[in-house]
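> Structure below; questions to follow.
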Amino acid sequence: MLFDLHSHTTASDGALAPQSLIDRAIDQGVTHLAITDHDTVDAFAQVTISAELELIPGVEFSTTWGKVGIHILGLNIDLEASAIREGVAFQSDARRRRAEMIADKLRKYGIDDALAGAQAQAGPGHIGRPHFARYLVDIGFVKNEQEAFKKYLGTGKSCDIRQHWAEPQRIVEWIRGAGGSALLAHPAKYGLTRSRLLALASDFCSWGGAGLEVVSGVQIPSVTRDLANLCSRLDLAASWGSDFHRPGQPWAELGRYSTPPTTVRPVWDSW
Ligand code: AMP
Ligand code: MN
Ligand code: MN
Ligand code: MN
């Protein structure tokens, strides 16, 4: 069995349409795949059931802990549950409003039509900062997407919006209300010190979180070890996945992630 419980499609900022993602996952030997688009479950309406791979309904919600932007994975959710419908509706709305505000900020740099430009990049999917980044590259405003984030769109930069996502407690309630498990996504990527990460993980427990994503793509062994220890200390379960967005990124390829720890309790044991 090969689990990959974190991946993106064209419904959010991924490059592959849902069915292409599934085909690629099968090619890579994945047996259990969670699609976890940012704040949407639209991908699941676009796929057919496959005998070769078990598709796990998921979502990656955006929120904040104090001033820190964090992501919460909802895994094994009931897509029909009213709690999850309410959740994605609220968050999609917040995302749309944020996109309008980002486009407004870009006006002061003489870029007048960034909202339409980003929407064209997103196609029928939901707009995220990567779509603005690609648009800025396309019009020659920046050299590459990294530069767009570094100068304009990244945390604390001039076109970053302090977003009013739903509170993390509410997000965990939506996920649990839909029968799912809430996991703190890629905890090592928030730039927190060890003690702050312990505080975040403890808060996450108190909100009803089920576990931590202990491996996210390719990562150094000490990070895996620290996160596994945090799971043991707080009696949290664990998940792992690639956070796949597009082909050509070997550090985040479907089914290819650093070796998960053996000391943790996989979250799917409770499903
Ligand atoms: P959003 O969901 O709109 O807040 O956009 C966040 C997404 O942007 C992340 O999930 C990544 O896929 C992408 N991202 C974040 N930081 C960077 C960066 N520095 N360079 C390129 N992509 C990034
Ligand atoms: Mn993303
Ligand atoms: Mn994320
Ligand atoms: Mn992700």
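The values are calculated or read from the model by the stated rules, or taken from the named source; none is laboratory data. What you see is a predicted model; the values in this text were computed from it and never measured. All Cβ positions, glycine included, derive from the backbone under ideal geometry; neighbour counts span all protein chains shown. Only protein heavy atoms, including side chains, enter the accessible area calculation; ligands, DNA and RNA are left aside. Shrake-Rupley method; radii C 1.70, N 1.55, O 1.52, S 1.80 Å.
> Going by the conditions given, is residue 261 open to solvent by 40 Å² or more (accessible area, probe 1.4 Å), in contact with a strand residue (DSSP E or B) (Cβ under 8 Å, 6 or more places away or on another chain), more than 16 Å from ligand 4 (Cβ to nearest atom) and over 26 Å from residue 78 (Cβ atoms)?
So residue 261 does not fit the description; no.
> With the condition being open to solvent by 70 Å² or more (accessible area, probe 1.4 Å), I'd like the helices (runs of 4 or more DSSP H) fully within the stretch 121-192 carrying at least 3 qualifying residues.
Correct list: 168-177.
> Moving on. Looking only at the stretch 222-258, how many residues end up being surrounded by fewer than 17 Cβ atoms within 10 Å (Cβ to Cβ) and aliphatic (A, V, I, L, M)?
1
> Do we have any residue at all in the stretch 7-24 that's open to solvent by less than 40 Å² (accessible area, probe 1.4 Å), assigned to a strand (DSSP E or B) and either within 16 Å of ligand 3 (Cβ to nearest atom) or at pLDDT below 95 (or both)?
Looking through the stretch 7-24, at least one residue is open to solvent by less than 40 Å² (accessible area, probe 1.4 Å), assigned to a strand (DSSP E or B) and either within 16 Å of ligand 3 (Cβ to nearest atom) or at pLDDT below 95 (or both).
> Could you tell me whether any residue of the stretch 204-218 is open to solvent by 20 Å² or more (accessible area, probe 1.4 Å) and under 14 Å from the mean Cα position of the chain (by Cα)?
Within the stretch 204-218, not a single residue is open to solvent by 20 Å² or more (accessible area, probe 1.4 Å) and under 14 Å from the mean Cα position of the chain (by Cα).
> Quick one: which of 247, 260 is away from ligand 1 (no atom under 16 Å from the Cβ), of a type outside the set (Gly, Ala, Ser) and part of a loop (DSSP other than H, G, I, E, B)?
260
> Could you list, ordered by first residue, the pairs with Cβ atoms under 6 Å in which the first is in the stretch 152-168 and more than 20 Å from residue 109 (Cβ to Cβ) and the second is of a type in the set (Lys, Arg) and buried (at least 20 other Cβ atoms within 10 Å of the Cβ), at least 6 apart or interchain?
Sorted first by the residue in the stretch 152-168, then by its partner, the pairs are 163/98.
> Of all the residues that make up the stretch 93-120, how many are assigned to a helix (DSSP H, G or I), open to solvent by less than 60 Å² (accessible area, probe 1.4 Å) and away from ligand 1 (no atom under 12 Å from the Cβ)?
The number of residues fulfilling the criteria is 7.
> In the stretch 66-81, what count of residues is obtained for those that are within 18 Å of residue 154 (Cβ to Cβ) and of a type in the set (A, V, I, L, M, F, W, C)?
2
> Out of the residues in the stretch 220-271 that are in contact (Cβ under 8 Å) with a residue 40 or more places away in the chain and hydroxyl-bearing (Ser, Thr, Tyr), state the one that is farthest from residue 191 (Cα to Cα).
270
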